[in-house]
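The values are calculated or read from the model by the stated rules, or taken from the named source; none is laboratory data. Owing to the predicted nature of the structure, the values given are computational and were not obtained by experimental measurement. For neighbour counting, all protein chains shown are included, and Cβ atoms are generated from backbone atoms with ideal geometry for every residue, glycine included. The accessibility values were calculated without ligands, DNA or RNA, using every heavy atom of the protein model including side chains. Shrake-Rupley method; radii C 1.70, N 1.55, O 1.52, S 1.80 Å.
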Amino acid sequence: IGEAISVCYGLPLYCVDAIGWRMERIASACRRLVRQGVRIIAIDHLQAIEPDDLRQSRAVQVERIVYHCKALARRLNIPILALCQFNRDIERRGRDARPVLADLKESGAVEQYADVIWLLWRSMDETDTRPVSEAEIIVAKQRMLRPGVVRCAFEGRTFRFLDLDTHHDYPRGEESEI
C-alpha cells in the first residue's frame with residue numbers, strides 16, 4: 001500500500017466522497033479540479049448521484065444525470081468515466097454469463113449518451129485458486145469502431161486487469177477479438 005501511495009502522491013489524483021451530491025455540485029467540483037490540472041474525472045457511480053427532481057421517474061432522473069455528465073465532459077474538454085451498476089438480470093442467466101448493454105441499470109440513457117461503454121467480466125469459478133483468473137473487457141459500444149472483446153487476466157488481490165501477453169501466471173489463450 002505504501003508503494004502505491006508513493007506512486008500516486010505526485011499525480012493530480014483526488015478522491016471526493018460525493019455520494020448524494022447533485023450534478024450542479026459535481027460540476028462545480030469538476031471545474032475546480034480541472035483548473036488544478038486534473039485531466040480525467042471518474043464518477044462512482046451514476047446511480048449514487050442525487051437527482052434534481054425527485055418527482056420524475058427514475059429513468060428520467062438517470063437520463064438527466066447522464067446527459068449532464070456528457071455535457072460537462074464536453075464543456076471541460078476532458079473524459080468523464082462514469083461507473084454504472086448492473087441490474088439483477090445477469091444473475092438469472094448463470095454464473096459465467098457475460099454482461100450485455102441491457103444489463104446496465106437504467107441503461108437506456110447510458111446507451112444513448114455514452115461514447116464508449118466497457119463491460120467488465122471475470123470468471124467466477126470458485127474452484128480456481130490461482131491468484132490470477134480469466135477476465136474480459138467487453139467493448140459494448142465505441143463510436144466509429146466496432147464492438148469486441150479484449151481478453152485479459154484479473155489479479156484479485158490488487159483488483160488489476162493485466163495484459164495476457166506480459167503476465168506469465170495465467171495461461172495464454174486465444175487472441176483478443178479487437
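The residues of region 26-36 that are over 14 Å from CYS15 (Cα atoms) and either of a type outside the set (D, E, K, R) or crowded, with 19+ Cβ neighbours inside 10 Å (or both), listed by number, are ALA27, SER28.
Within region 50-63, is there a residue that is within 29 Å of LEU164 (Cα to Cα) and of a type in the set (Val, Ile, Thr)? No. Among the residues of region 93-145, those identified as within 18 Å of PHE159 (Cβ to Cβ), open to solvent by 60 Å² or more (accessible area, probe 1.4 Å) and of a type in the set (A, V, I, L, M) are LEU120, MET124. Can you spot a residue in region 156-175 that is modelled with pLDDT of 90 or more and either touching a Gly at 6+ places or on another chain (Cβ under 6 Å) or open to solvent by 70 Å² or more (accessible area, probe 1.4 Å) (or both)? So far as region 156-175 goes, no, none of its residues is modelled with pLDDT of 90 or more and either touching a Gly at 6+ places or on another chain (Cβ under 6 Å) or open to solvent by 70 Å² or more (accessible area, probe 1.4 Å) (or both). Residue pairs whose Cβ atoms lie under 6 Å apart, sitting 6 or more positions apart in sequence or on different chains, and linking a residue in region 122-141 that is at pLDDT 70 or above to a partner that is open to solvent by 40 Å² or more (accessible area, probe 1.4 Å) and assigned to a loop (DSSP other than H, G, I, E, B), are MET124/ARG95; VAL132/ASP169; VAL139/PRO147; ALA140/PRO147. Residues in region 66-85 that are open to solvent by less than 80 Å² (accessible area, probe 1.4 Å) and either more than 19 Å from CYS30 (Cβ to Cβ) or part of a loop (DSSP other than H, G, I, E, B) (or both): ILE78, PRO79, LEU83, CYS84, GLN85. Only one of the listed residues (ILE90, ILE41) is under 22 Å from VAL150 (Cβ atoms), β-branched (Val, Ile, Thr), open to solvent by less than 70 Å² (accessible area, probe 1.4 Å) and touching a residue at least 12 places away in the same chain (Cβ under 8 Å). That residue is ILE90. Of everything listed in (1) modelled with pLDDT under 75; (2) small (Gly, Ala, Ser); (3) assigned to a helix (DSSP H, G or I), the single unmet condition for ALA18 is (3).
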